[in-house]
Amino acid sequence: MASQDDVHSKAVNRWLDAGALTTNQKIVLLEKAIRAIETRAGLTLSKITLLVVLDRVHQQVKEELPVLHLVKIEDQSLRFTELKNDPDSAEVARALTALLIELLRVLGRLTADILTETLHKELLTIKLNDSGES
Amino acid sequence: MKISVPDNRIESGVRNLDKILFGGIPAGELIVFSGSPGAGKTTLAHQIIFKNATPEKPALIFQTLSEPTAKTLRYLRKFSFFDAAKLEDGSITFIDLGEILRAKGLEQTISLLMGHVKRVKPAFVVIDSFKVFDELAQDREELRKFTYEVALNLMAWECTGFFLGEFRSIDIETNPLFSIIDGIISLRVRLDSGEHQRFVQVIKMRGTDHSRDEHAFAINSEGLEVYAPRLTIRRTPENGSVTSEASPSRVKLGFPHLDKLLGEGIVAGSTLLVSGVAGTGKTLLLLEFIYKGAVECGEKGIFFSFEETEERVIANARGMGWDLEEQIRRGHIEIVFIPQPDIMVEKHLLMMKDRIESLGAKRIAIDSSSVFLHKITDPQVVREKIFQLATLVQMSQAVGFFAADVPYGSHKLSRFGVEETVVDGIILLTAVNNEKTFKRDRFLEIYKLRNTSHANGRHKIEIGHSGIKIFSGTGKPSVKRAPTKSLKPARKK
């Protein structure tokens, strides 16, 4: 399964590296991407299913990247407000990247990769605003 | 033959269960093991867990109110699959939910249960028993919510879950659990052919086709063992049924009188019924078939006896001047005695398969098929079992002689009246009273032998000190018999 899991990692890194982004821009982009993946996956899976998946993914990744303790699950969605206040932006970007990859991996595995292509395509549509805002 | 288990399947560790599931338990599914107390649910779950749980793929076993953990462990120790090291290295963790269930009910239970799941991240979860939740739920809605949450969370954590319970058929229609789970394996015990027999049946299993039959199983020191002869004893082109039709390999038996009657020889893989009423020489013919195979033809033979002990069979052979013990010592012959009251057809079919394969037997004698199947009353089942016995012979490309007891005074060719339709040939042994000599004259007739030009008619036989003598018609021996060497007394081991 490891090679199948690599697919998500490669997709995310390719997408993320496509634009020469600053760390802060990457954080904004990753947050948008996670939100978009949540929304897209929620259309196929029920909200309640998505919630337990988010819970699992968050639980698992934060054990390796403790900065993710600052992420909360509220209103059936991941909230990054506190995380963005963390001064170590490189660590935050790394943690969000790991969270996104794990989310895609778990959704892929749970749906026998039925959603994988759709979610990867969704990822490619996520871009910063023209202003490159945060 | 070991079945190969695909990546997305879990090898159960239960003999033949993976064959019923056409390749193992689908990973990540939630499966109910239902059955009455003592049906084998807990043993089955633990057998699977001890086979599969590792520190990298750990298992959580939640005990509810059914049995204290200490008692379960004590009971599990007697099985060969039990490995105490798996409890030490974190592969398997037992958690007793009984106390919190009693004190705090279902709502607290789910958060406790999921707390353990999040901490351990198990690949396998067992809940024994899930049925307890039915009794603890305040109402159906609470049960539905609880069940749904458990199932959803285990799904999200990619756990393969086994939920055990004394569920009845009605539960499948009414219990909310059954609308969520992926599979149902039913275990039951019932009276079958006069004895209590355990049966396993896969009622439902998402993600795989599976056998829908009931299969007998037993619980022994290795855990569950499923017999499933319908799946394990099968004729395939690989073991000769197709290729041998064009130019069949033929076997000579090594006793000239009989070989002459059998024409160009018996096709390898064939089974012959040796039919006759009691006292016509069936057992002796089977014994000679096995003994001559080893001594004259260098073919290993196995003799399954349901009436005579091994010692009695050896003594009978010694009376004919045949040193069976020597052949047994050399590994050319095996005698397997299964006392008649102990016969369990499905179990012993599997045992026969194992023994035939491990010996590499080319001659198989069953004395008798009538006794072996005596508990079965349904002719259709008798026919199926005879077919499976014949398939064992065919799979080994051996020759089988099955004794069949014909009732006195009947014109039947076999005990049940169906055996003769399955086998490839029939050697009919008869006896009539001779009014002149006041003795019984015995006869042998090749009644049927598929694909072979064999001798017709009855041939007189005599049972003497060196076995069966066959005469041409009612006259002199059809082939001059070589003098039998006198035997030294049987060696002691």
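Points to keep in mind about this one:
- Of the residues B:Val371, B:Val381, B:Val399, the single one that is buried (at least 24 other Cβ atoms within 10 Å of the Cβ) and β-branched (Val, Ile, Thr) is B:Val399.
- Residues in region B:368-387 that are part of a helix (DSSP H, G or I) and hydrophobic (A, V, I, L, M, F, W, C): B:Val371, B:Phe372, B:Val381, B:Val382, B:Ile386, B:Phe387.
- Taking region B:135-160 as the range and being part of a loop (DSSP other than H, G, I, E, B), buried (at least 16 other Cβ atoms within 10 Å of the Cβ) and within 13 Å of another protein chain (Cβ to nearest Cβ) as the test, the residues that pass are B:Trp157, B:Cys159.
- Verdict on A:Gly132 being touching a Ser or Thr at 6+ places or on another chain (Cβ under 9 Å), modelled with pLDDT under 90 and open to solvent by less than 60 Å² (accessible area, probe 1.4 Å): yes
- Residues (under 15 Å from B:Phe163 (Cβ atoms) and away from every other protein chain (no Cβ under 14 Å)) located in region B:102-123: B:Leu106, B:Thr109
- Any hit, region A:53-69, residues being more than 25 Å from B:Cys159 (Cα to Cα) and away from chain B (no Cβ under 14 Å): yes
- Within the option set A:Ser89, A:Ser77, A:Ser46, being within 14 Å of chain B (Cβ to nearest Cβ) and either open to solvent by 60 Å² or more (accessible area, probe 1.4 Å) or among the small types (Gly, Ala, Ser) (or both) holds for one residue only, A:Ser46.
Here's the yes/no breakdown for (1) in a helix (DSSP H, G or I); (2) surrounded by fewer than 18 Cβ atoms within 10 Å (Cβ to Cβ); (3) more than 14 Å from every other protein chain (Cβ to nearest Cβ):
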| position | (1), (2), (3) |
| --- | --- |
| B:Phe22 | no, yes, yes |
| B:Gly28 | no, no, no |
| B:Thr43 | yes, no, yes |
| B:His46 | yes, no, yes |
| B:Lys51 | yes, yes, yes |
| B:Ala70 | yes, yes, yes |
| B:Phe81 | no, no, yes |
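- Among the residues of region B:329-342, just one is open to solvent by less than 40 Å² (accessible area, probe 1.4 Å) and farther than 17 Å from B:Thr283 by Cβ, namely B:Gly331.
- Only a single criterion out of (1) within 29 Å of B:Val432 (Cβ to Cβ); (2) open to solvent by 30 Å² or more (accessible area, probe 1.4 Å); (3) aliphatic (A, V, I, L, M) is not satisfied by B:Val295, namely (1).
- Residues that are within 14 Å of chain B (Cβ to nearest Cβ) and either open to solvent by 30 Å² or more (accessible area, probe 1.4 Å) or farther than 17 Å from A:Ala36 by Cα (or both), drawn from region A:103-128: A:Arg105, A:Arg109, A:Leu110, A:Thr111, A:Ala112, A:Asp113, A:Ile114
- Reported count of residues in region B:30-41, each being farther than 12 Å from B:Val200 by Cα, open to solvent by less than 10 Å² (accessible area, probe 1.4 Å) and within 22 Å of the chain's Cα centre (by Cα), is 0.
- Scanning region B:143-153 for residues being touching a Pro at 6+ places or on another chain (Cβ under 9 Å) and among the aliphatic types (A, V, I, L, M) gives a total of 1.
- In region B:111-123, residue farthest from A:Glu102 (Cα to Cα) [restricted to those that are open to solvent by 10 Å² or more (accessible area, probe 1.4 Å) and either outside any helix (DSSP H, G or I) or touching a Phe, Trp or Tyr at 6+ places or on another chain (Cβ under 6 Å) (or both)]: B:Ala123
- Of all residues in region B:301-324 being more than 30 Å from B:Lys439 (Cβ to Cβ) and buried (at least 23 other Cβ atoms within 10 Å of the Cβ), the one that is farthest from the chain's Cα centre (by Cα): B:Gly301
- B:Val132, sole failed condition from (1) in a helix (DSSP H, G or I); (2) within 30 Å of A:Thr111 (Cα to Cα); (3) in contact (Cβ under 8 Å) with a residue 60 or more places away in the chain: (2)
- Of the numbered criteria (1) within 24 Å of B:Lys469 (Cβ to Cβ); (2) of a type in the set (Lys, Arg); (3) open to solvent by 40 Å² or more (accessible area, probe 1.4 Å), the one B:Lys347 fails is (1).
- Note on region B:423-437: residues that are surrounded by 21 or more Cβ atoms within 10 Å (Cβ to Cβ) and outside any strand (DSSP E or B) amount to 2.
The values are calculated or read from the model by the stated rules, or taken from the named source; none is laboratory data. Model, not experiment: these values are computed from the prediction. Cβ sites come from the backbone with ideal geometry, for glycine too, and all protein chains shown count toward neighbours. Quick note on the areas: whole protein, heavy atoms, side chains included, nothing else; ligands and nucleic acids left out. Shrake-Rupley method; radii C 1.70, N 1.55, O 1.52, S 1.80 Å.
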